[in-house]
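Student: First the structure, then my questions, so here it is.
The values are calculated or read from the model by the stated rules, or taken from the named source; none is laboratory data. Nothing here was measured: the structure is a model prediction, and the numbers come from that model. No Cβ is skipped: glycine too gets one built from the backbone with ideal geometry, and neighbour counts run over all protein chains shown.
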Amino acid sequence: MVNPPTLAHGMAHRFVVSAGSRDLGAWSKVAGLSVKWDLAEYRVGHSDQYFKFAGVPKFATLKLSRAADTTGTKAVQAWLGEVQAGGGTPEEGAVEMLTSAGDSVIVWTLREMFPIAWQISEFDATAGKVAVETLEIVYSGFLLSAQQNGA
């Protein structure tokens, strides 16, 4: 008999994040993995004929959230220390979506990423809530080029 699937950590999906060779651990919430193109228009001479096309892509700031944990939080703090010491050199990283069983669904490779903010929720031992850390990262893209897509 096959065991029924279980929800690891009580979630349908988990997100594992890396920055360079650093494993930043699993995150419960990822926001800002998006792209939007400026609308560019080209007018033909003095005519009223014009063409519209996608201009420069804009990528939102990535916001990661999770309950603070021993391994992941220490890895993030070490990365923040490196950024403070070296000025935040952009590097390649990744966000991987995992199923509740831990199988990979998709990996987004983030180009030229580095952290720009980190915070942890207010500490209140009487409230019975976990401390939630939030990490904000900027990146310059995750889309594959036509050559990478095999076109």
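Student: Just checking: which of the strands (runs of 3 or more DSSP E) contained wholly in region 44-106 hold 3 or more residues that are among the aliphatic types (A, V, I, L, M)?
Tutor: 62-67, 91-99
Student: Moving on. From the list GLY45, GLY87, GLY81, GLY55, which one is touching a residue at least 12 places away in the same chain (Cβ under 8 Å) and either under 14 Å from VAL138 (Cβ atoms) or small (Gly, Ala, Ser) (or both)?
Tutor: Among GLY45, GLY87, GLY81, GLY55, only GLY55 is touching a residue at least 12 places away in the same chain (Cβ under 8 Å) and either under 14 Å from VAL138 (Cβ atoms) or small (Gly, Ala, Ser) (or both).
Student: Can you name the number of the only condition in (1) closer than 14 Å to ARG14 by Cα; (2) of a type in the set (Gly, Ala, Ser); (3) touching an Asp or Glu at 6+ places or on another chain (Cβ under 6 Å) that GLY72 fails?
Tutor: That leaves (3) as the condition not met.
Student: May I pose another question? Out of region 45-79, which residues are within 20 Å of GLY32 (Cα to Cα) and either surrounded by 12 or more Cβ atoms within 10 Å (Cβ to Cβ) or of a type in the set (Lys, Arg) (or both)?
Tutor: Passing the criteria: PRO57, LYS58, PHE59, ALA60, THR61, LEU62, LYS63, LEU64, SER65, ARG66, ALA67, VAL76.
Student: Quick one: which of GLN119, GLN84 is modelled with pLDDT of 90 or more and closer than 18 Å to GLY32 by Cα?
Tutor: GLN119
Student: Sticking with this one: Output the residues belonging to region 10-44 that are surrounded by 13 or more Cβ atoms within 10 Å (Cβ to Cβ) and aromatic (Phe, Trp, Tyr).
Tutor: PHE15, TRP27
Student: Does VAL95 count as modelled with pLDDT of 95 or more and under 17 Å from the mean Cα position of the chain (by Cα)?
Tutor: yes
Student: Any idea which of VAL132, VAL95, VAL107 is free of Cβ contacts under 8 Å to residues at least 24 places away in the same chain and either of a type in the set (A, V, I, L, M) or within 14 Å of PHE15 (Cα to Cα) (or both)?
Tutor: VAL107
Student: Right, here's the next one. So, THR109, is that one within 24 Å of GLY141 (Cβ to Cβ), at pLDDT 90 or above and touching a Phe, Trp or Tyr at 6+ places or on another chain (Cβ under 8 Å) or not?
Tutor: Yes.
Student: Against the condition at pLDDT below 95, in a loop (DSSP other than H, G, I, E, B) and either of a type in the set (Val, Ile, Thr) or surrounded by 13 or more Cβ atoms within 10 Å (Cβ to Cβ) (or both), how does VAL2 come out, does it pass?
Tutor: Criteria met by VAL2.
Student: Can I ask one more? Would you call LYS129 modelled with pLDDT of 95 or more, in contact with a Ser or Thr (Cβ under 9 Å, 6 or more places away or on another chain) and charged (D, E, K, R)?
Tutor: no
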